[in-house]
Structures are given as C-alpha cells and as structure tokens.
1. Taking the stated definitions as given, is Ala151 among the aliphatic types (A, V, I, L, M), assigned to a helix (DSSP H, G or I) and open to solvent by 40 Å² or more (accessible area, probe 1.4 Å)?
2. Does Ile195 count as of a type in the set (A, V, I, L, M), modelled with pLDDT under 75 and surrounded by 15 or more Cβ atoms within 10 Å (Cβ to Cβ)?
3. Can you say whether Ser307 is out of contact with any Ser or Thr (no Cβ under 7 Å at 6 or more places or on another chain), among the polar types (S, T, N, Q), part of a helix (DSSP H, G or I) and modelled with pLDDT of 80 or more, as far as the supplied structure shows?
4. Between Arg14, Arg18, which is modelled with pLDDT under 85 and charged (D, E, K, R)?
5. Cβ-Cβ below 6 Å, separation at least six or inter-chain, first residue in region 312-330 and at pLDDT below 90, second among the hydrophobic types (A, V, I, L, M, F, W, C): which pairs?
6. Starting from residues that are among the small types (Gly, Ala, Ser) and not in a strand (DSSP E or B), keep the ones in region 284-304 and report whichever is most open to solvent (accessible area, probe 1.4 Å).
7. If a residue must be within 46 Å of the chain's Cα centre (by Cα) and surrounded by fewer than 18 Cβ atoms within 10 Å (Cβ to Cβ), how many such residues does region 66-79 contain?
8. Filtering region 105-137 down to residues that are touching a Lys or Arg at 6+ places or on another chain (Cβ under 9 Å) and assigned to a loop (DSSP other than H, G, I, E, B), which residue is nearest to Asp86 (Cα to Cα)?
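The values are calculated or read from the model by the stated rules, or taken from the named source; none is laboratory data. Here the structure is a predicted model, which is why all the values come from computation and not from measurement. So basically every Cβ, Gly included, is an ideal-geometry build from the backbone, and we count neighbours across all protein chains shown. All accessible areas refer to the heavy atoms of the entire protein, side chains included, with ligands and DNA or RNA removed. Shrake-Rupley method; radii C 1.70, N 1.55, O 1.52, S 1.80 Å.
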Amino acid sequence: PAARATTIRRGGERTMARADIALGGGLAALVIGLSLLGVGPDGPDGPPDWGAVALAVALGVAVAVRRRHPWVSLLAANAVTFAWFDLGYHGRLVTVAPLIACYTLAAHRGWREGVGGVLVTAAVTVLSVRVAMGGEWLDDKVFNAVPLEAAATALGAAVHSHRAFRAGARERAEQIAQARTEQAKAQAAEERLEIARELHDVFGHTMAAISVQAGVAVHVMGRRPEQAAEALQAIKRISDDGLAEVQVLLGVMRSENVRALTATGGLAQLDKLLDVAGVDVELSVAGDDRAVPVAVDLAAFRVVQESLTNVRRHSDASEVWVALTYREDSLEVVVRDNGSPGAPRPSPVGGHGIEGMRARAEALGGELTAGRVSDGFEVRCRLPTREVR
C-alpha cells in the first residue's frame, strides 16, 4: 500500500507539472499572438520583436515553475511584466502572470507569505504605472490592478486553508482507524487469553476428577468390582464432557467472533460438578436465586470448579462448603475447606489458578480474595450482576 501510494503521488505530481507547462506555454503564445494582432486595451505600442518573444517565453517559464518555486515564479513574473511595459510592447495580458503567481504563493505557502507576495506585486504595479507608463503614483490603473492581486491572494489563502483542513481530517481519520485496529487486536488477544483460561479450567478440573475416580477404581477393583465399574463409567462421562467443552472452546477460537463463547459450564451444571468433586461438598444458596448475566454465571462456575480442583491437588481437606449469595447488585461465591494449616497451598499471589480466577473476576468489575482462615482455606469472590458488555 505504501509503494502504491508513492506511485500515485508521483503520478499526480507529473500530471500537475505537465499542466503548469501547458498553462505557461499557452499564456506565452497568447501574449505573443495578441501582441501581433494588436488585440487588447489601449497601451504602449511597439513592434513585437524578438525581445517581446523572449519576454513571453520567460513569462511562460515563470508560470511553469509556479508550484515548485512559488517565490521565483512571482518575482520573475513581476520582473517580466515591468520589462514588458518599460520596453513599450503592446498588450496587457502579461499582467495575468503576476495574478497566477500571487494565487499560487498563497495556496502553497499560506496567507502570511501570500501577503508578502501581494505587497511585492502591488509595489511593482505602482512602479510600472509611474515609471513605465508615465502615470501617477496612485493612478486609476493602480486601483484597478491591486484589488485583483489581493483577490487572487485571498483565493489562494482560502485554498491553502481548505487543503490544510482536509489533510488534518484525513490524518485524524487515519489515526482513528489505526487506534481502532490496535483496539481490535488487543480485544482479540484478551478474548483468546480468556479462552486459554477456560481451557486451563476445563483441563484442570477434568484431569483432577479423572484422577480421583481412577484412584477409587484401583482401590476397589478386587473387592467390589461393581463400584470399580461405576468409577470407570464416571471417568468416561467426565472425559466426554471435558472433550465436548474443549471442542466448543477451540471452535470459538477458530471463529471470527470470539465473543460468541457459549461454554457448557455454568451454575446450572453445579450439581454435576459437586457429584464428581472427590470430597464431601455442602452447598448453600441464599437470596433470590435468579438468572444472572452469562459471563457472571460462567465466571461463578469456574471459581467453584477451580477451587475444588485446588482442594484435590493441594489439600488434605475432607469437607468443602460452597455458598452462593444472591444480593441485589452482585453474586457472592465462597468456597471454604477444612484443610490443615500444614498442607501445601498455591500462593494467593501466584500460580495460574488463583490468578486466573482473580483476573476473571476483575474483568467483570468484581473482586476475589484467597487465603488461610482459622479453620482451613477460603476463596471469596464478588461479581456484579449488572449486564456485562
């Protein structure tokens, strides 16, 4: 795209250069032609000799370089105009060149330089009328020419302001588009990080539950084969559910709309989660059990799931208490176990599990704390239940 833009810009510059050359050549031809034909207002008469041709060509060159060298063009056009009248050649079409130069200088350099250019042109006009034409310092020719020069300069200044405004608007639009692109990239990265957390939770819970059930099967296989069979069936069910959830997450990751996430977890699945917890879990629900935003529902489920996984991995606890409290504007989740103080625990400020839960809660505007209490370990999470966008 950058190379294409450079090519387009160079093509535009060549086109404008050719247009200026054509304008300068056409003006020079008109000046010579009208001088030969004697067409135009009354003025100094003189034969259009080779000197007139040279001045006309110089005038055309001055106009042809007006965009690349505005000041050179203006000074040259004024010098040629003064020489034309001073040498007594017929025709006043040469005065068009200073008007073009005044417009170009203001259009390309702004009104400040445009004012300087029109002052120079007005001074040359006064000198031409007084010295070359023998008129008065403030002749009517001066009052006719100077307003035209001022108008050309004003028009150029207006064009310059419009171009500057348009360039600024285009730059702002590009900045906004770039900011939106960066925001979209950051949002996509955050959404994929969220999916990675989901995968961590799914794998962690699934493997921990399989480990518990496999341990049960190994323990009772010889004495109670029917209970071992139940444990193996539980392993199959847990594996199937975990694989299904992973497929959903990976499918969402491959899709264009990552926010279409509809994982299979949620508080509606809490009973199934507690059934395979591997420890005795007591659930209590307080407040008005109501529907909450999907993101909050999924986050609450994941907090309970990750907490139970940590209990199985890092604790010798035999009992866990899970409490859900529905408040007017929030949902509070508390998971507490009776693990002994000496048992190893994940650090509350490190480890992907607790940090992942905390990041999930903070992303929804909530908060999460985890640490030792007098009779075990507690994870406490508060999630606002306003609609999450």
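1. Yes; evaluated as a whole, the condition is true for this residue.
2. yes
3. The answer is yes for Ser307.
4. Answer to the check: Arg14.
5. Hits for this filter: Arg312/Ala208; Ser315/Ala343; Asp316/Ala343; Ala317/Val311.
6. Ala291
7. Total satisfying the criteria: 5.
8. Met133
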